[in-house]
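Asks: Shown below is the structure under consideration.
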Amino acid sequence: MIYRARNGCPALLRGLDCRPTLWPHMQDNPTHSLEPAIRRIGREIFERAEAAAPSVLSMEFWQKATLDWLTRDDDLKLRLFRFIEVFPALRTDASLARHLKEYLGDEKRAGGPLPLPIQAALAFKREDSPYAQKVAAITRIACARMARQFVCGATPKEAVASVKRLRRAGMAFTLDVLGETVIGDHVAQAHYAVYMRLIDELSRVAPAWKAAPTVDNAPWGPLPRVNISTKLTSLVTKFDSLDARAATANVLDRLRPLFRAARDRGVFINIDTEHYAVKDRTFDIVLGVLDEPEFR
């Protein structure tokens, strides 16, 4: 499994003056309008983000520019994301070259002709040719460089090391698992097992982490040190089944144990609402289970 860490509270936000403005007024006057403070904080966040943008001389700048260029085309973006999802399983250059051609090389694609650099990359005739091997090697290096911006590891141990680096930089995090497309119940069961393993392993090591007051505390008290995101669609094979009652029951069979494990170990579970088509069912399931006596 590949773990991704989404972070918050980066160094560029340190010193942002929000608590003195919001918290006392909320205590003294619950009806106080938050709109001016929200706008002020929002403007300051954007100003700091723009000031922290990477230099044109940095690799990060050019990686972002390349990604922006590749994803302007919606059809190509979808194909690239599908390729990235299977990328970790492509162990040989021949299999990587074959999948590149299968995922990107459709001449009748909706977006019209592929950009010329991609056409040149896919010009090989055989997936085991020297040219195909060079393309595969370059693709592997490029994907690894890009992934380091978003992927924090392939094992819980690697994920923990990345999380500790984020905390040292004053950042909070939420971990989620990539490759969550469910093609069978064995895949859903594997995802469920990974989430349980993350809850167990991270909750055991988190108490030993060096304190980071910026991300460990809120005005109302201490925050859970471990934050794990999950998609309900990754827990079952037919989340959007026409039989809503059966689909909900199947999700709850795995969601309740996750909630129990998280509650007992002091772990925060973040439920991704995902795409619009599953939003309502996601809300119905989560609000329903949180209204059950054991989770109130």
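Asks: Any lysines with Cα under 27 Å of the K279 Cα? List them, leaving off those in the same chain fewer than 8 positions away.
Replies: Correct list for K279: K77, K231, K238.
Asks: Tell me, what is the per residue accessible area of the stretch 42-134 in Å², probe radius 1.4 Å?
Replies: Computed with neighbouring chains in place, this is 70 Å² per residue.
Asks: Another question about this same structure. Could you tell me the extents of the stretch 44-179's C-alpha atoms along the three principal axes, largest first, rounded to whole Å?
Replies: Here the spans come out as 50, 35, 27 Å, largest first.
Asks: Leaving ligands and nucleic acids out of the surface, order I45, I199 by accessible area at 1.4 Å, largest first.
Replies: Sorted descending by solvent-accessible area, the residues read I45, I199.
Asks: Each label point is 7 Å from the Cα along the Cα-to-Cβ direction; what then is the distance between the points at L57 and R260, in nm?
Replies: With each label point 7 Å from Cα toward Cβ, the separation is 5.9 nm.
Asks: Follow-up question, since we're still on this one. Which FRET efficiency, nearest 0.05, do T71 and D243 yield, Cβ-Cβ r, R0 41 Å?
Replies: After rounding to 0.05, the efficiency reads 0.70.
Asks: Accessible area of the stretch 177-296 with a 1.4 Å probe: how many percent of it is carbon plus sulfur?
Replies: In the stretch 177-296, the share of accessible area belonging to carbon and sulfur is 56 percent.
Asks: Report the Rg/Rh value for the stretch 196-268, based on alpha-carbon coordinates and the Kirkwood definition of Rh.
Replies: Across the stretch 196-268, the Cα-based Rg/Rh ratio is 1.11.
Asks: Just the number, please: carbon plus sulfur as a percent of the accessible area of the stretch 45-129, 1.4 Å probe, no ligands or DNA/RNA counted.
Replies: 60
Asks: Report the net charge of residues surrounding R167, where surrounding means a beta-carbon distance below 12 angstrom and charges are Lys +1, Arg +1, Asp -1, Glu -1.
Replies: Net charge in that neighbourhood comes out at +4.
Asks: Taking 7 Å along the Cα-to-C-beta vector as the label spot, tell me the L287-R140 distance in nanometres, rounded to one decimal.
Replies: So the two model labels end up 4.9 nm from each other.
Asks: At a temperature of 25 °C and a viscosity of 0.890 mPa s, determine how fast the stretch 185-224 diffuses translationally according to Stokes-Einstein, using the Kirkwood radius over alpha-carbon pairs as Rh; express D in µm²/s, rounded to the nearest whole number.
Replies: For these conditions, the coefficient is 201 µm²/s.
Asks: While we're on this one: Kindly sort H99, H275, H191, H186 by accessible area of their heavy atoms, largest first, with the probe set to 1.4 Å.
Replies: So the residues, ranked largest to smallest area, are H186, H275, H99, H191.
Asks: Could you compute how much accessible surface M171 exposes when probed at 1.4 Å, giving the result in Å² to the nearest 10?
Replies: Around 40 Å² of this residue is reachable by solvent.
The values are calculated or read from the model by the stated rules, or taken from the named source; none is laboratory data. Not measured: the values here are computed from a predicted model. A quick note on method: Cβ atoms are made from the backbone with ideal geometry, for glycine too, and the neighbour counts reach across all protein chains shown. Accessible surface areas use protein heavy atoms only, side chains included; no ligands, DNA or RNA. Shrake-Rupley method; radii C 1.70, N 1.55, O 1.52, S 1.80 Å.
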